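What follows is calculated from the coordinates using simple rules that are stated; it is not laboratory data. Because the structure is predicted, anything quoted here is derived from the model rather than measured. Neighbour counts are summed over all protein chains in view; Cβ atoms, including those assigned to glycine, are modelled from backbone coordinates with ideal geometry.
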């Protein structure tokens, strides 16, 4: 699935089931909340914390929640995520073609 397709599917879902988008500030706060939930799972699964009784390893679900809200924000602000990620790849490739390969910390 292309990111453009994902943006269109999220938009269609919002219009059919979500009534409307939350405003941009609310969605930014929701994004931070979802990132926090992802961080909690990461700390328990890969870090030194353990899952509390009743918590579960729902890593994929939390990642999808973060992506969902990010797509909502992109839709609301007119950002084409496909074009944006393509530009990001081009920027990183031009800026850092050897940087990471020559980093002794990554060996």
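General observations
- Whole-number percent relative contact order across the chain, with pairs defined as alpha carbons under 8 Å at least 6 apart: 36 percent
- FRET E, pair residue 37, residue 86, Förster distance 25 Å, beta-carbon r, rounded to 0.05: 0.30
- CD proxy at 222 nm, helix term only [per DSSP H run n ≥ 4: -39500 (n - 2.57); per residue of the chain; nearest 500]: -21000 deg cm²/dmol
- In terms of surrounding Cβ atoms within a 10 Å radius of their Cβ, 63, 1 rank from fewest to most as 1, 63.
- Efficiency of FRET between residue 8 and residue 56 - r from beta-carbon atoms, R0 41 angstrom, step 0.05: 0.85
- Counted by neighbouring Cβ atoms within 10 Å, the residues 89, 51 run from fewest to most as 89, 51.
- Exposure proxy ranking, count of Cβ atoms within 10 Å, fewest first, for 91, 45: 91, 45
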